[in-house]
1. With both bridge residues required to lie in the chain, what share of the DSSP beta bridges run antiparallel, to the nearest 5%?
2. Within a Cβ distance under 13 Å of residue 176, other residues only, what is the Lys/Arg minus Asp/Glu net charge?
3. Report, in whole Å, the centroid distance computed from the Cα atoms of segment 49-68 and segment 137-208.
4. Could you compute the net charge surrounding residue 225? Neighbours are other residues with a C-beta less than 13 Å from the C-beta of residue 225; K and R count +1, D and E count -1.
5. Largest first and in whole Å, what are the equivalent-ellipsoid semi-axes of the chain based on the Cα gyration tensor, each being the root of 5 times an eigenvalue?
6. Dipole of segment 2-230 (Lys/Arg Cβ +1, Asp/Glu Cβ -1, origin at the Cα centre): which of 12, 201, 71 lies farthest to the positive side?
7. Considering amide H positions built from the backbone, and no H for Pro or chain starts, which residues 5 or more places from residue 72, or on another chain, come under 5 Å of its amide H?
8. Does anyone have the angle between helix 51-61 and the longest principal axis of the chain? Alpha-carbon axes, 0 to 90°, nearest 10?
Amino acid sequence: MEFHGFNKLTLLDYPGKLACTLFTGYCNFKCPFCHNAELVLHPDSQPALSEDTIIRQIKSRASMIEGVAITGGEPTLHKDLPDFIKRLRDETGLSIKLDTNGTAPDMLKELLDNRLIDYVAMDIKSSPDGYAKATGLNTVSMSELFSSVDMIIDSGIEYEFRTTVVDGLHTETDFLEIGKWIKGAKRYFLQCYKDSGDLIAPMGLKAPSRDKLERFRNVLLPYVPETRLRGVD
């Protein structure tokens, strides 16, 4: 398996653990607010790191970290992901977190059934009616996303759902519908949009105010009581 980024130490990417972060290339969404545009659109323009190189570097740091976060791009697009995680577990014993957009429930099921991941974070891009716009596509099949959400809630492992909130892209109605969709979830984060300087379609995107984020959070609380704000100044 090939990677296109390696953050050797992070306190942010794996809640409650000192970890490293691996970045896979490519994604089947083209979210305009995506902050890793080159990784999604042109991963071959980024340095490539082989599986052996990654394993070797993580093993050298295994005594200093507690976990590994695998993100992207979209990691579940890579068919050799389960084999890589199994090798990583066998050789390091570290806890594994997966970031996913939820479009590959079969892959997610394989990872969960074989107990290859300890934490999963799924991005909820918008309400079902707003998904196509939020992902930069003409249409989005929601059935896979519904399946992944249900599977994650029933998984028995630690998890979170999260939405990057963009002013003008998300409305109060969107969050009302998201609340109904993920009702009963353990935790949900509203992440404030920030311009990374490497966006897919930055024109016109703005960060919402804290007041607006709090209003959205209040809409969600009856459905997911542990709804929090993340990345808000």
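1. Details: 6 of 34 bridges.
Of those bridges, close to 20 percent are antiparallel.
2. Details: positive: 180, 183, 215, 217; negative: 129, 172, 174, 177.
Within the 13 Å Cβ shell, the charges total 0.
3. Here the two parts' Cα centres lie 30 Å apart.
4. Numbers: positive: 183, 186, 187, 217, 228; negative: 226.
Once all neighbours under 13 Å are counted, the net charge is +4.
5. Details: eigenvalues 159, 78, 58 Å².
The equivalent ellipsoid of the chain has semi-axes of 28, 20, 17 Å.
6. Sorting the options by dipole projection puts first 12.
7. 24
8. 90 degrees
Where a number appears in this text, it was derived from the coordinates with a stated rule and is not lab data. Since we're looking at a predicted model, the values are computed, not measured. Quick reminder, even Gly has a Cβ in these numbers, built from the backbone with ideal geometry, and neighbours come from all protein chains shown.
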